[in-house]
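K.L.:
If you scroll down you'll find the structure; I have some questions about it.
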Amino acid sequence: MDLDVLNMFVIAGGTLAIPILAFVASFLLWPSALIRIYYWYWRRALGMQVRYANYDDYQFCYSYRGRPGYRPSILMLHGFSAHKDMWLSIVKFLPKNLHLVCVDMPGHEGTTRSDLDDYSITGQAKRIHQFVECIKLNRRPFHLVGTSMGGNVAGVYAAQYPEDICSLTLICPAGLPSTTDSKFIKQLRELQESKRIDRIPLIPSTPEEMADMLKLCSYVRFKVPQQILQGLVDVRIPHNEFYRKLFLEIVDEKSRHSLHENMSKIKAPTQVIWGKQDQVLDVSGASILASAIPNCHVYILENCGHSVVVERPRKTANLILEFLALLHSIDNNKKQA
């Protein structure tokens, strides 16, 4: 073989080997870095842009796509210990001309974390209202979506700031009493009795505990490599002390049943989506909301757990779009009548 050709192959092989080796090294040595890169890549691919908004000395971090138009903007509130990027799986199935806003909840990811802040559900709702005013999202009523803890906050927000909201989607929301204890509630009771409340199942600190949390939150069994589990834990560990403080705040008497205490004040058309096999928050909560909120549309997803956003993103996106289309049709009929 000609020496120049051989040198060309060596150089080409070396050029390809460098990123491949870098990827393998990252996967083995710094899996948490790969997870951050993953979210960065999907934000870019889906056209989501990250911005910051300030209210006095408080900073909110959020991502958005599109601009306000004739259809309502959509604000999405994530759950406990998550972040704005958890919505990317749903954003993938939403039209690009919809104005979407995904905010990091108080104390999470890029939003200010302060020991002096009020992390009760009512306190978080007030902070989200400040964010809405900062970016002037409430120039026109918007559609509010919340899941789990974010669902609790979204429901309280809709009750306390009704003029901001045109409609509401609650996905497996917290903040409701239940006649049936979920697996998670049973685990909490056992931990309380054994005085091991520091071992909260939703706050993993080892790959094994992370795997257990994923099983608790999902009906679908995802096969997650050990290195990815380690990366997920590495990303969370620096924040676990805050998560424990926040968890104790939202299960305290002040917040535990916040949605239940406010649901009769919700006047906006409401959609409830719940996984039938939810092991964190029992699906019976859906009927409680349906009996208290007028114009409440309930959808129970078969073979789905608490992580509806991850397990059934396409279905969830379609349900939200169908709900908004239905409300738009009703509004048009009223105008024509």
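The values are calculated or read from the model by the stated rules, or taken from the named source; none is laboratory data. Everything numeric here is computed off the predicted structure, so don't read it as measured data. Neighbour counts run over all protein chains shown; Cβ positions are idealised from the backbone, glycine included. Areas reflect the complete protein model, heavy atoms only, side chains present, ligands, DNA and RNA absent. Shrake-Rupley method; radii C 1.70, N 1.55, O 1.52, S 1.80 Å.
K.L.:
What is the helix-to-structure angle for 226-236, meaning the angle in degrees between its Cα long axis and the longest Cα principal axis of the chain, kept from 0 to 90 and rounded to the nearest 10?
P.N.:
Between the helix axis and the principal axis of the chain, the angle is about 60 degrees.
K.L.:
Moving on. Would you list which aspartates and glutamates come within 20 Å of residue 136, measuring only between C-alpha atoms, while excluding same-chain residues fewer than 8 positions from it?
P.N.:
56, 57, 104, 163, 164
K.L.:
Taking Rh as the Kirkwood radius computed over C-alpha pairs, what is the Stokes-Einstein D of the range 102-148 at 25 °C in a medium of viscosity 0.890 mPa s, expressed in µm² per second?
P.N.:
So the translational diffusion coefficient is about 211 µm²/s.
K.L.:
Something else: Over the range 263-337, what number does the Rg to Rh ratio reach, with both radii from the alpha-carbon atoms and Rh per Kirkwood? Please report the intermediate quantities before stating the final value.
P.N.:
Values: Rg = 13.9 Å, Rh = 13.5 Å.
Checking Rg against Rh, the ratio lands at 1.03.
K.L.:
Further question on the same structure: Cα-based Rg (one decimal) and Dmax (whole number) for the range 172-300, in Å?
P.N.:
Looking at the range 172-300, its Cα Rg and Dmax stand at 16.4, 47 Å.
K.L.:
Under the rule of at least 5 residues apart or a separate chain, name every residue whose amide H is placed under 5 Å from the amide H of residue 59.
P.N.:
It is 112, by chain and number.
K.L.:
If one takes the longest principal axis of the Cα atoms in the chain, at what angle in degrees, from 0 to 90 and to the nearest 10, does the Cα axis of helix 31-46 lie?
P.N.:
70
K.L.:
Report the per residue volume, in Å³, of the convex hull enclosing the C-alpha atoms of the chain. Could the numbers behind the result be given before it?
P.N.:
Numbers: hull volume 57.9 nm³, N = 337.
Each residue corresponds to 172 Å³ of Cα convex hull volume.
K.L.:
If you don't mind, there's one more thing I want to ask. Hey, what angle do you get for helix 207-217 against the long axis of the chain, alpha-carbon based, 0 to 90 degrees rounded to 10?
P.N.:
40
K.L.:
Longest span of the chain, sites excluded, free of GluC sites (Glu not before Pro) in DSSP loop with at most 14 other C-beta atoms within 10 Å?
P.N.:
1-252
K.L.:
Karplus couplings for the range 270-275 from phi (6.51 cos²θ - 1.76 cosθ + 1.60, θ = phi - 60°), rounded to Hz, Gly and Pro as x?
P.N.:
10, 10, 10, 10, 9, x
K.L.:
Right, something else. Determine ³J(HN,Hα), in whole Hz, for all residues of the range 89-94 in sequence, where each value follows from phi through the Karplus function 6.51 cos²θ - 1.76 cosθ + 1.60 and θ = phi - 60°; x replaces Gly and Pro.
P.N.:
So the Karplus estimates, Gly and Pro as x, are 5, 8, 3, 3, 9, 9 Hz.
K.L.:
Between beta-carbons, use under 14 Å as the cut-off and find the net charge around residue 215, counting Lys and Arg +1, Asp and Glu -1.
P.N.:
My count for the surroundings of residue 215 gives -2.
K.L.:
Quick one: putting +1 on the C-beta of Lys and Arg, -1 on the C-beta of Asp and Glu, what dipole do you get for the range 47-336 around its Cα centre, in Debye to the nearest 20?
P.N.:
The calculation lands at about 1040 debye.
K.L.:
Heavy atoms of the protein only, probe of 1.4 Å, neighbouring chains included. What is the accessible area of residue 42 in Å², nearest 10?
P.N.:
80
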